[in-house]
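Colleague: Once you've had a glance at the structure underneath, I'll fire off some questions.
What follows draws every value from the coordinates through simple rules; no lab data is involved. These numbers come from a predicted model, not from an experiment. So basically every Cβ, Gly included, is an ideal-geometry build from the backbone, and we count neighbours across all protein chains shown.
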Amino acid sequence: MSSHPVGYLSLLRTNTPFRRLWYGQIVSQLGDWFDSIALYALLPRLTGSEQSVGLLLLAQFIPTAIAGPLAGVIVDRLPRKLAMIGSDIGRALLVLALLFIHDPSQVWMIYSIVVLKFTFSAFFDPARSAILPALVKREELVAANTISSATWSAMLAVGAALGGVVAGVFGTDVAFAIDAASFALSAVLIASVRVRETHMDTPTQTNHLQDLRAGVAYLAHDRDALVLTICKALWSLGGGILVVLTIFGRGVFPMGEGGALSIGLLYAARGVGAGIGPVIIGALGDQSERFMRRMMGLCFLISALGYALLPAAPVLALAALAVMLAHCGGGTQWVYGTALLQLRLPDAIQGRIFAIELALLTLTSGVSSYGTSLLADMGWSPASLSLLMAALFALPGLWLWRRLGR
């Protein structure tokens, strides 16, 4: 891989298929955070329990963990562009159903809709990761992943902040309608992407189970690929941060209806950190595979430092800075982990491996989030929960520093 970084603006200007995929990402992820912040504020109001947010996160994560491996096999058999379009259309229709829920007796419907929505996401996310090497050159992969991560972060920052304002001022129905429209527009934009999907050139003669076993066997044989595949799952041991930020926003620094505004601002800080982290850390090195491997463990430790500092913040602005620091590490490990896998894996199995990666990280995130919500309902203070998250980042970070940093 070239050690000379590719310009971000140059890549967007010269690569039309990637640019259109990027446009789809912008509108879809912007709307998605309107939906999320609305639900984070709506559920505790309907149920009176922090555990409702933990259950929501389980409803988001567990379907991906269960459906993910099979979704990866299908993504490697079908045109990946088609899988993304179908996923967007399905999610748009499901989000529209949230407009009819306003009563505590309908809470079960929220969880059912979210489960189905994230089942569709189990197809979209691996397809997007797997199609990216077909859209950009090998030396452009780090830049493309950095742009994608920075866009996710920017949409988190903007979407969470605007979503908090919209949900707090105009109501949750408006937020849900915006999210549904964003999925529909994303499907239109992705349909315009021209791409040659080489994994379709050789029709497979095996069944779905054999394909899945082949992906697992590859990881068993290539231990470095296995370590890279579980990196995001290890970071997601601290997935309870999603509950912690909600608790800090609603209970420590409440602003807006149900703390929606402060929750949105803390999530926005998370997005800003995840966006600027890969750019800042990338400027310190040459974006070579060796540099990225060495940074993986250090990024975990940066996340640990941020959440260790969060309980000491006396005001919302300083709390946001601590969250921003933590996610500088989180965003960078995400970009580098994805790029290292794309560089290492054969195209024919990328959908399966990325689906396995997604399944593992969503499973650990869901368990961590629900466990954190239980601890909150048991009386753990926000400060104690934040320090627990810091420890969950630090321990695997030290292991990865030794395993990948050599």
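Colleague: Run the numbers for Met378 and Ile89: contour at 0.36 nm per residue of separation, minus the present Cα-Cα distance, in nm. Intermediate results must be reported in sequence, preceding the final value.
Modeller: Details: separation 289, 0.36 × 289 = 104.04 nm, distance 4.01 nm.
100.0 nm is the gain from fully extending Met378 to Ile89.
Colleague: Tell me which of Gly371, Ser129, Gly285 sits at the most positive position along the dipole axis of the chain, charges placed on C-beta atoms (Lys, Arg +1; Asp, Glu -1).
Modeller: Selected residue: Gly285.
Colleague: In the calculated pair distance distribution of segment 315-406, what percentage of Cα-Cα distances lie above 19 Å?
Modeller: Numbers: 2404 of 4186 pairs.
Roughly 57 percent, rounded to a whole number.
Colleague: Given an 8 Å cut-off on Cα distances and at least 6 residues of separation, report the relative contact order of the chain as a percent.
Modeller: Details: 744 pairs, mean separation 118.3, N = 406.
For the chain, the relative contact order is 29 percent.
Colleague: As a check on your grasp of the helix formula, calculate [θ] at 222 nm for the chain: sum -39500 (n - 2.57) over DSSP H runs of n ≥ 4, divide by the residue count, round to the nearest 500. Don't skip to the answer; put the middle values down first.
Modeller: Numbers: 15 runs with 321 residues, N = 406.
Dividing the helical sum by the residues of the chain leaves -27500 deg cm²/dmol.
Colleague: So, one more: Run the quick spin-label model on Asp103 and Arg403: label points 7 Å from Cα toward the beta carbon, then report their separation in nm to one decimal.
Modeller: Here the modelled spin labels are 5.0 nm apart.
Colleague: Given springs between every Cα pair under 10 Å in a Gaussian network model of the chain, which of Leu245, Leu395, Leu325 has the largest fluctuation?
Modeller: Between Leu245, Leu395, Leu325, it is Leu395 that shows the largest mean-square fluctuation.
Colleague: Then there is this: Find which of Ser36, Gln350, Pro254 sits farthest along the positive direction of the dipole of the chain, computed with +1 on the beta-carbon of Lys and Arg, -1 on that of Asp and Glu, about the Cα centre.
Modeller: Gln350
Colleague: Peptides 362-369, 7-14, 348-355, 134-141: what's the order by average Cβ count within 10 Å, highest mean first? Before the final figure, lay out the partial values.
Modeller: Values: 362-369: 24.0, 7-14: 12.9, 348-355: 26.4, 134-141: 17.6.
Order by mean packing, descending: 348-355, 362-369, 134-141, 7-14.
Colleague: Right, here's the next one. By how many nm would the segment from Arg213 to Arg45 grow when fully extended, if each residue of separation counts as 0.36 nm and the alpha-carbon distance is taken off?
Modeller: Numbers: separation 168, 0.36 × 168 = 60.48 nm, distance 4.46 nm.
So the chain would gain 56.0 nm between Arg213 and Arg45.
Colleague: Enumerate the residues in segment 97-136 having an amide nitrogen under 17 Å from the point lying 7 Å beyond the Cα of Leu82 toward its Cβ.
Modeller: 123-124, 127-128, 131
Colleague: Using θ = phi - 60° and the Karplus curve 6.51 cos²θ - 1.76 cosθ + 1.60, what whole-Hz ³J(HN,Hα) does each residue of segment 299-308 get, with Gly and Pro shown as x?
Modeller: 4, 4, 5, 5, 4, 4, 4, x, 7, 6
Colleague: Among 86-94, 370-378, how do they line up by average Cβ neighbours within 10 Å per residue, starting with the highest? Walk me through the numbers before you get to the answer.
Modeller: On the way: 86-94: 20.8, 370-378: 18.8.
Ranked from most to least packed, the peptides come out as 86-94, 370-378.
Colleague: Sticking with this one: So the label point goes 7 Å from the Cα of Asp224 along Cα→C-beta, right? Which residues of segment 141-179 then have their backbone N under 11 Å from it?
Modeller: Flagged as within label range: none.
Colleague: Could you identify which residue out of Trp22, Trp380, Trp33 has the top mean-square fluctuation in a GNM of the chain using Cα springs shorter than 10 Å?
Modeller: So, out of Trp22, Trp380, Trp33, the one fluctuating most is Trp380.
Colleague: For segment 1-75 and segment 248-288, what is the centre-to-centre distance using only Cα atoms, to the nearest Å?
Modeller: The distance from the Cα centre of segment 1-75 to that of segment 248-288 comes to 15 Å.
Colleague: A further question on this structure: Take every Cα-Cα pair in the chain and report what % of them are more than 26 Å apart. Provide the component values of the computation, followed by the final result.
Modeller: On the way: 41336 of 82215 pairs.
Cα-Cα pairs in the chain separated by more than 26 Å: 50 percent.
Colleague: How large is log10 of I(q)/I(0) for segment 106-154 at q = 0.25 Å⁻¹ when the intensity is taken from the Debye formula with one equal scatterer per alpha-carbon?
Modeller: At q = 0.25 Å⁻¹ the computed log10 ratios are -0.92.
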